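Take a look at the structure set out below.
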Amino acid sequence: MTQEYPPLTEGVYYILLALFEARHGYGIMQLVEEMSKGRVRLGAGTIYGAIKTLLERQWIEALEDDGRKKEYIITESGKKVVEYEILRLRELFDNGIRITNGKA
């Protein structure tokens, strides 16, 4: 990948992963907690602040509101951001293993 993106916070990374399927805010909070085995807990203020930013960056989009809770889904641009972040994290991991001789 030639385009660079800023490193993602752990919360934003998990939110983007959660939105590979359409979800509402509470569903995102539940899945993030599940994926992180309870280590990452996002409050409502954090979720909705991040959603606002992600919408502005066009990394996610809101689906049509049918009167229930609004759902969101990741965009193609958002998927590229996640792919880049995975490459960045892999590099960090590989370098750490190489330098420590796998003693983590």
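The values are calculated or read from the model by the stated rules, or taken from the named source; none is laboratory data. Here the structure is a predicted model, which is why all the values come from computation and not from measurement. Positions of Cβ are generated from backbone atoms using ideal geometry, with glycine treated the same way; all protein chains shown enter the neighbour counts. These accessible areas exclude ligands, DNA and RNA; they are computed on the full protein's heavy atoms, side chains included. Shrake-Rupley method; radii C 1.70, N 1.55, O 1.52, S 1.80 Å.
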With the 1.4 Å probe rolled over protein heavy atoms, the chain has an accessible area per residue in Å² of 68 Å²
Longest segment of the chain with no trypsin sites (Lys or Arg not before Pro) in a DSSP loop having at most 10 other Cβ atoms within 10 Å?
1-36
Paired Rg and Dmax values of the chain, which use every Cα atom, in angstrom:
15.3, 55
Inter-probe distance in nm under a simple model that places probes 7 Å from Cα toward Cβ, at ILE97 and HIS24:
4.1 nm
Dipole axis of the chain (+1 Lys, Arg; -1 Asp, Glu on Cβ), positive-most option in ILE97, GLY49, ALA22
ILE97
Which value, in debye to the nearest 20, describes the size of the charge dipole of the chain about its Cα centre when Lys and Arg Cβ atoms bear +1, Asp and Glu Cβ atoms bear -1, and nothing else is charged?
440 debye
Rounded to the nearest percent, how much of the accessible area of segment 19-90 (1.4 Å probe, protein heavy atoms only) is carbon and sulfur?
49 percent
From zero up to wherever the largest Cα-Cα distance of segment 6-48 sits, split into 10 Å bins and tell me the percent of pairs in each.
31, 62, 8
Quick one: net charge of ARG88's neighbours, Cβ under 14 Å, K/R +1, D/E -1?
-4
